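Remarks on the structure that follows.
The values are calculated or read from the model by the stated rules, or taken from the named source; none is laboratory data. This structure is a prediction, so every number in the text was calculated from the model and none was measured. Cβ placement follows ideal geometry from the backbone for every residue including glycine, while neighbour counts extend to all protein chains displayed.
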């Protein structure tokens, strides 16, 4: 029996839900990806951002000539201003996701030497370069919970993405979606290293668009109620018969 889920990504086989790809402007997003753009998807908590990204990744991997990869950088939040620890967590996450979704273990194999040979301020850039060079198709990268990062760790990640932008799509992601609660231009990031306050836009001024996932509307809520009511009715009928 299906049920409502508000604790994470939805599974249509288990949860009452709308089609995640119908909740985004798929045509616009595919156009931005085709145009090799880097852009933002933001919305409040528990509105379906991660579910949309995972469904979009599946769609692109099955129906396009692209490799698509989802990763979540929330694991690096506890590092706060410590770039070294933050990048370690980000790279560990990056090593897991290609293995799961693309059957690619390159980053995992590079881990023992990656940090010894690369400065922490460029290790994410280097890892993405190695991965994109190894893949047979251009890479589209989704980075979820990006605004969970703090201070210099966030600045470093954004600047590493910006510094590889000119090498797309052959040796850097063709397109990147940064996903979080807010538009990156609204970020005010305190840098301990630089003793300044940076705006997110200044650290990542290559973004083409900022897309917002809409709130649930009444017709969508009514639809979910109807399918729940129908399932309960069918279940009662089965138990009586």
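Of the residues 74, 85, only one is within 14 Å of the chain's Cα centre (by Cα) and within 20 Å of residue 160 (Cβ to Cβ); which?
74
Going by the structure shown, is residue 63 at pLDDT 80 or above and within 22 Å of residue 137 (Cα to Cα)?
yes
Of the residues 45, 80, only one is out of contact with any helix residue (DSSP H, G or I) (no Cβ under 7 Å at 6 or more places or on another chain) and surrounded by fewer than 21 Cβ atoms within 10 Å (Cβ to Cβ); which?
Among 45, 80, only 45 is out of contact with any helix residue (DSSP H, G or I) (no Cβ under 7 Å at 6 or more places or on another chain) and surrounded by fewer than 21 Cβ atoms within 10 Å (Cβ to Cβ).
If you check residue 120 against the conditions, is it over 18 Å from the mean Cα position of the chain (by Cα), at negative phi and in contact (Cβ under 8 Å) with a residue 12 or more places away in the chain?
Yes; evaluated as a whole, the condition is true for this residue.
Take the stretch 100-130 and flag every residue that is part of a loop (DSSP other than H, G, I, E, B) and surrounded by fewer than 17 Cβ atoms within 10 Å (Cβ to Cβ).
The answer is 103, 105, 119, 122.
For the stretch 83-99, enumerate the residues that are over 20 Å from residue 120 (Cβ atoms) and surrounded by 20 or more Cβ atoms within 10 Å (Cβ to Cβ).
Residue satisfying the conditions is 98 alone.
Select from the stretch 44-99 the residues that are under 18 Å from residue 130 (Cβ atoms) and part of a helix (DSSP H, G or I) and list them in ascending order.
87, 88, 90, 91, 92, 93, 94, 95, 96, 97, 98, 99
Evaluate the following for residue 74: is it more than 21 Å from residue 138 (Cβ to Cβ) and in contact with a strand residue (DSSP E or B) (Cβ under 9 Å, 6 or more places away or on another chain)?
yes
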